[in-house]
Structures are given as structure tokens and as C-alpha cells.
Amino acid sequence: MKKHVEMLLGEVSKSHAELSAHHNDEGILFNLVHIMKMHRDEVRTHTPILAEILNPKGLHGKGASYLDIFLQLLGIEAVNTVNAIVTREKRFSGESDGADAGQIDLQIELEKQHIIIENKIYAEDMKRQLCRYHTEIGLKSDKDIILVYLSPHGRKPSKASLGDIEVIEGLYYRQNEPVNIKVISYRDDICVWL
């Protein structure tokens, strides 16, 4: 038995060393935001960085190319992305009930779509958050609404955030109508995109 345990520990140690070497070779663990100790501050780091990269008029000088690749990643067909309007931290009052509808982390307005990105790094979901955004944007526009729920590891929005949006067999519905919610992660999607 002792020999089997020693063999198993030897294999685990070897696998760990190989994985560490791979991470070092590929720079997988390198993260400027983490180095600056701002990895938990989505309002002053993650959201502004994403907004700048997605903005066709951003200082990166690449026009809509980053936005186009991001939309492809999400499976969204869009035209005329060079004229997209990207806004962040957009606060609005709820026209549907007069209450505070909240603050959208990131909004991309395209010719035919409104893309709302809820950037959840370490913050908890707010009550009816995605539901409110869907309602309020729907009242102001007849464009397609796409809600993107972005978290470090791809967690799904909570029932509290969804409000009356139901999940049926992995798809989202509100009053029997489909709601376009895409759940993505920094780990699996944003890192690949960048």
C-alpha cells in the first residue's frame, strides 16, 4: 500500500511540475490587473478596459475589429459595427415602475441590437437586475436585446437577478417569449478573445 501511495504522489508531483512549466511557458498566470492589486475592482478596471477595447473609436486604433471578434465569439451577427456606441456605468431610472432600475456596467448599441454586459467579478447579483435591464431597454427601443452575463468562471445569473425570467432546459424565457442571455467567462471566453 505504501508503495502505491508513493507512486501516486510521484505522478501527482510530476503532473504538477509539467503544468507549472506549461503555465510559465505560455504566460498563463501573468495578469497586470492582479499585479496592480485591482483584480476585485470591476468598476475601475475590468469594465473600463473592456469598454475601451470594444469601442470602435477607442485609442487602440483598430476600429471595430475587436468588437467584431467579440460579437463572433458571442454568435451575434451585426452590421455597421464601426458606428457602435459603447457606454459604461449607465445609470437610469425605471420608467416601468418609477423605481431606480440600476446601473448597466457596459452597453453596446448597434444598428439592430442593444448588448448589455453585466460584469460580475466579485459582486453579488442585485434583485431583478437582468430582468430590470431587459424591461427598461425594451421600453426605450425596439432593437433586439442581448444580455451578456460575464463572470470570472462562467457562473450563471441567480434566480434573484433573473426575476420573472425563467430557465427552461437551459434557455431563458419571459412570459413565454425567449430572452437572449449569454453566459460567458473571463477564463474561457475573454482570455481567448484577447
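The values are calculated or read from the model by the stated rules, or taken from the named source; none is laboratory data. Fair warning: this is a prediction, and the values are worked out from it, not measured in the lab. In this analysis, Cβ positions are derived from the backbone assuming ideal geometry, glycine residues included, and neighbour counts consider all displayed protein chains. Areas reflect the complete protein model, heavy atoms only, side chains present, ligands, DNA and RNA absent. Shrake-Rupley method; radii C 1.70, N 1.55, O 1.52, S 1.80 Å.
Net charge of the neighbourhood of Val79, taken over other residues with C-beta under 15 Å away and scored Lys/Arg +1, Asp/Glu -1, is -3. Take the alpha carbon gyration tensor of segment 96-193, find the square roots of its eigenvalues, order them as a ≥ b ≥ c, and report rounded if a/c is under 1.5; if not, report prolate when a/b exceeds b/c, else oblate. It comes out rounded by the Cα gyration axes.
Taking amide H as placed 1.01 Å from N in the peptide plane, the amide H of Phe92 sits under 5 Å from that of Ala101, Gly102, Ile104, each at least 5 places away or on another chain.
Label-to-label distance for Asp188 and Glu111 is 3.2 nm, based on points extended 7 Å past Cα in the beta-carbon direction.
Here the accessible area of segment 133-185 is 50 percent carbon and sulfur, with a 1.4 angstrom probe and all protein chains present. Annotation: amide H of Ala123 has no partner in the under-5 Å range at sequence separation 5 or more or interchain, hydrogens built in the peptide plane.
Separation of the alpha carbons by more than 18 angstrom is noted, of Lys120/Lys182; Lys112/Lys156; Lys90/Lys120, for Lys112/Lys156. Model label sites at Lys140 and Glu124, defined 7 Å from Cα along the beta-carbon direction, differ in position by 2.7 nm.
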